[in-house]
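Every number in this text was worked out from the coordinates using simple rules, so none of it is lab data. Here the structure is a predicted model, which means the values were calculated and not measured. When we count neighbours, we look across all protein chains shown, and the Cβ atoms used for this are built from the backbone with ideal geometry, even at glycine.
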Amino acid sequence: MAHHVPPSPTPDQVWAALAPLLSAPGRTTMRLYNPKTGKFSTSRQLTRKLPGRPAAVYLYTEHAATTRILALDFDSTRGGPAAVQRDVDIARHWLTAAGGRLIIDRSTNGGMHIICPLAPATSATHTEITHLVAVLAAHLPTLDTSPNGNIATGCLSLPGTLDKQGGHRQLLGSLSDALNTIADGSTPDFLPTLYAHLGILKRPSTPAPGPTDNNTTAPDSCPALTQFTTGDGEDLRLAPAHSNRAPIPAPVLHYATHGDPTGSAGRTWPTHSEARMSVIYHAVIRGYTLSDLRALIAPAGPWHHGLGAAFNRYANRADKALSRDFSKAMHHYYEMVLIHRHRQHKLQKNSPGGATEKGSNPATRGPSGPVELRRWLAYAFRWADTEYQGRRQRWTVKVVLQALAYLAMKSGQQVNGVWVVAVGGRSLSLAAGLMTADAVWKVLRDTRDRVGAPLILTRRAVGRDADAYALTNQGADTVDIGAAERIRIEPVHDAWQILGWRLQRIHDLVVHHGLTGRTDIYAAAAVTRSTGDAMILDLQITGLIAVTGRGTVGPGHTTLDAIATQHRLHDTRQDRIERYRRERNAWQQWLDNGHDVQDHLLLAQTADEAYLRGPSRDRALAVHAAYLQSVLATGPPPVPGDDASPDTEDDDTIIIERRALTLLWELLGAVVVPESAPA
């Protein structure tokens, strides 16, 4: 009896399955090939339906400039199909040896693509990818670096799409294997391991030992490394808790022992320098000391004919070169891995002012916060869904409203039953998931001026006093208790800066409030079915939500904390806090130097304008303010035909009048009207 062989998927099926999964997060459009320009210069909405001309998906996110795939484009015009196949075989060997999982396709003219998804919930920056691809291109002649170079337009055509010759890009392998590759991704340490395997270590930010520093080791130039090491001098090694216990990979160990007598190392490393550096790096991360390496490459050592021979080119400077490479490998492992390890699993979501220790049993399900604030936030969300329906600002407005509610609970007070909070843009920025302060101020300006807005500006910022907002309770009484029970008063998680603000509400409804039916989720989130399906798909790709059945979903295997750790957002938050602290100190110092806040900030409408004018952050505003101050210093314009000399008054009276005129002009829009000339 013959076995049934499933039919190969059609190009339409391949495109429909892979395009939404491989497009950069947040990108809802794709690039189409324009025969007139000879480039992918046309932008259209990304759809599951196969376009009628060659199409490509974006590689980088629009704002963060990060990617979750390593995309390599091998061009057959640079040597023909045979050269492309040779380079693809070499690249495939390098990537898989480092823990990468690959999707490969081929075009009609012999060009090929390698798509390597990174580990789930991880990404790489534009700088990292361009540096890596440039190094690979130096050794793979047919590799085209242009798709990776441009953040705004960088794109790659996928399996199934039409190619420029009229055929379709053919997926090499089954579609199910490709989908599994995307779901599983590469190993979490794929990129650091690839750097180490290729021997192209990242340049350390701290200087490496110089040629005269014969015995200088890594902790001497990087004191923070000492917390991860034991011993000193030539016996310095990584502490057992931070060492890699896996055996050295077979190709690396073979080179260390035998060198490259057959000349086959070129298929594993670009040159002998990278091969040598790869051996040292793998030895260092497994706890080898400098004295261990010296013993291994000694004439009687097992690595004498391999790694030892690689240092022969340095002659009497071989020992210095070994010490330098040891220090470089230690620094690289510290900067790429160790400095991001000590914060993992120790911190939970950060407070606006910094990090908070994780509690013993943090609440993860159900409502959180005072019921009055939950009712207000539920009404505020409903108002934003109505006021900003169909607009992208809807999601950022809801993020700022949630941050305001959280800060009201932490530092606000109730006045006659209304929550009032005085908060600056920087504090709101930290509570709003690291949204920029400029974006926060823009949302506040736009929101508070709208009819029915759930907040009112009750006091403008002057000097050290921040803007004060009243969270009005009009309409909050109309919120039913069920909607209030699906609200949590907490800061916005930093991970949404990477994933996109629009996905937060659906995630919270599923993970924190236990909603499982798609219909119920979409109704609670006030989104259409098509929009909700797209959001569920994005959350499913990141691992935050899993499909549990027909029309039902549930929590996924990944958490927001894990995503924040993978993207090093703890470091981003700490850098933001330190920058804000420096800016506040500069502002405080400016005030303490005797500047009159009333004179310099009276023209500022809100806290953001006062902030800009304070430390001279904006030259245009400073010049304009100086001009207005100079005009107002002359007093009201003279009455036409009145040549009489003005009355003389003391300086205090003049200052008071000028401030009063400024207040009338700024707050009420008053203008100076000259009196009628006498008849």
Check your understanding: What FRET efficiency do you get for H131 and R245 if R0 is 41 Å and r is their Cβ-Cβ distance, rounded to the nearest 0.05?
Key -> 0.90
**Study point:** R286-A152 pseudo-label distance in nm [points 7 Å out on the Cα-to-Cβ vector]
**Key:** 4.9
Review point. Say R0 is 60 Å: what FRET efficiency, to the nearest 0.05, do T226 and Q413 get from their beta-carbon distance?
Key: 0.80
Check your understanding: In segment 47-76, which residues have a backbone nitrogen under 13 Å from the label point lying 7 Å from A16's Cα in the Cα-to-Cβ direction?
Key -> 47-51
Review point. For H63 and E234, what is the calculated FRET efficiency with R₀ set at 51 Å and r taken between the beta-carbons, to the nearest 0.05?
Key: 0.60
Check your understanding: Label I456 and R44 with points 7 Å out from Cα along Cα→Cβ: what is the distance between them in nm?
Key -> 5.2
Point to revise | Computed label-point distance, nm, for sites H305 and E583 using a 7 Å Cα→Cβ extension | key: 6.4
Review point. Taking the Cα centre of segment 11-191 as the origin and placing charges on Cβ (Lys, Arg +1; Asp, Glu -1), which of P54, N150, L70 is farthest toward the positive end of the dipole?
Key: P54
Exercise for review: Compute the length gained on full extension between D319 and S176: take 0.36 nm times their separation in residues and subtract their Cα-Cα distance, giving the result in nm to one decimal.
Suggested key: 46.3 nm
